[in-house]
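Here's the structure, in C-alpha cells; my notes come after.
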Amino acid sequence: MHGSLRIVVLTFIASVIASTASGQQMTYGEQEVQTVVGAKNALDQFFTIEMESMPPAMLQAAEGIAIFPNMVKGGFIIGVNYGKGVLCVRKPDRTWSAPVLVTMGGGSLGFQAGVQAADIVLIFATPRSLEGVLNGRKVTLGADASIAAGPVGRQANAGTDARLGAEIYSYARSRGLFLGVSLGGSDISVDNNADSMLYGRFGVTPADVFQNRGIGIRPEVQQLIDDLNARSRPAAAVVPAAQVSAVPLPVAAPQPVAVPVAQPVAPIQPPPSVANPPLVPIK
C-alpha cells in the first residue's frame, strides 16, 4: 500500500515539475495574447464571404461584442462545451474598448452534427445585455439576456430581427461555412486571472480594462481594437466617375444688367438783360 502511494506521489510531483518547466518556456501572458490574436483572425473571417457574412450594420449598431475563436465541443468531460474569448464594449465616444478575457460553457450548447469546433461571435445589441458582465457576474444566455441567431448577408436588414426584441445575436463559423448553433443556457464569465496576465496587473477589474485605467496595452490588443473601429465605421457612398460626368451641372439663369439712363441736362440760360439801365451819377 505504501509502495503504491509512493508511486502516486512521485508521479504527481513529476507532472508538476514537467508542467512548470513547460510553462517557463512561455512568455508571461502568451496564452492570453494568443486568444486575442485568434479573436481578431476569427472576426476577419466573419466578413470574408459576402453572401453569408455578418452584416456590417450589426457591428455598427452593437453595444458590445464577444469573440470565441475555436469553441470546442466535448472537452475533458462528455457533454461539456467550453471556449475562451474576448469581450469589448463601446466607450462613450462610440469607439471600442480594450477587451476583457471571458469564458463560455454549458451543457446545452449544441453544434450541428459532425462539427467539433467553431468560431462564435456574440453581438450585444443593448446596454442592458452587458450589465451582468460589467458587474463581474456570470451571464446565462437565454435567461439573463435573450439570444437569437443573427441575420447574415451584407444586404440583410438588421432592423427586421432587431424588432423581435433579442438582446444578443449569435454567429458561428466552422471550416469557412456559417452554421446553426444553439447557445441557450450557456454561461459567460469574466476570467479575472487571465486579465491580470494579459494586462500585467493583478486585481484588474472589467471597469479598469474598459476605461483603460492603470493597464498596459499590448500591440496585439491594440490591433484588435483598431480592427473593430475600422469595421464599425459606416461605409461612405462612392459615386462612379462615369455617373459624375454624366450629371449635368446646373446653369445659372442670366440676370438682367441695369443700364444707367442719361438724365436730360438743362440748357444754360444767359443772364437776363436789362433794357435802359438807370444812370448813376458820378461824384
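Read-outs throughout are calculated quantities, based only on the coordinates presented, and are distinct from any laboratory measurement. These numbers come from a predicted model, not from an experiment. A quick note on method: Cβ atoms are made from the backbone with ideal geometry, for glycine too, and the neighbour counts reach across all protein chains shown.
May I ask you to derive the FRET efficiency for ARG201 and VAL152 from their Cβ-Cβ distance with R0 = 30 Å, giving the value to the nearest 0.05?
Efficiency for this residue pair is about 0.15.
Residue by residue through segment 53-67, what is 3J(HN,Hα) from phi via Karplus (6.51 cos²θ - 1.76 cosθ + 1.60, θ = phi - 60°)? Round to whole Hz and write x for glycine and proline.
Values, residue by residue: 8, 6, x, x, 4, 5, 6, 5, 9, 6, 8, x, 8, 10, 10 Hz.
Which far-off residues, 5 or more places away or on another chain, put their amide H under 5 Å from the one on SER186, with H placed in the peptide plane?
LEU141
Sorted from fewest to most neighbouring beta carbons within 10 Å, what does the list LEU59, LEU198 look like?
Arranged by neighbour count, lowest to highest, LEU59, LEU198 become LEU59, LEU198.
Please list, ordered by chain and number, the residues whose modelled amide H lies under 5 Å from the amide H of TYR82; skip anything fewer than 5 residues away on the same chain.
VAL72, GLY74
What are the ³J(HN,Hα) values, in whole Hz, obtained from phi via the Karplus relation 6.51 cos²θ - 1.76 cosθ + 1.60 with θ = phi - 60°, for each residue of segment 92-105 in sequence order, with x given for Gly and Pro?
Coupling constants for segment 92-105: x, 8, 6, 8, 9, 7, 5, x, 9, 8, 10, 10, 9, x Hz.
Name the residues whose placed amide hydrogens come within less than 5 Å of the amide hydrogen of SER53, ignoring near sequence neighbours (fewer than 5 apart) on the same chain.
Answer set, sorted by chain and number: GLY153, ARG154.
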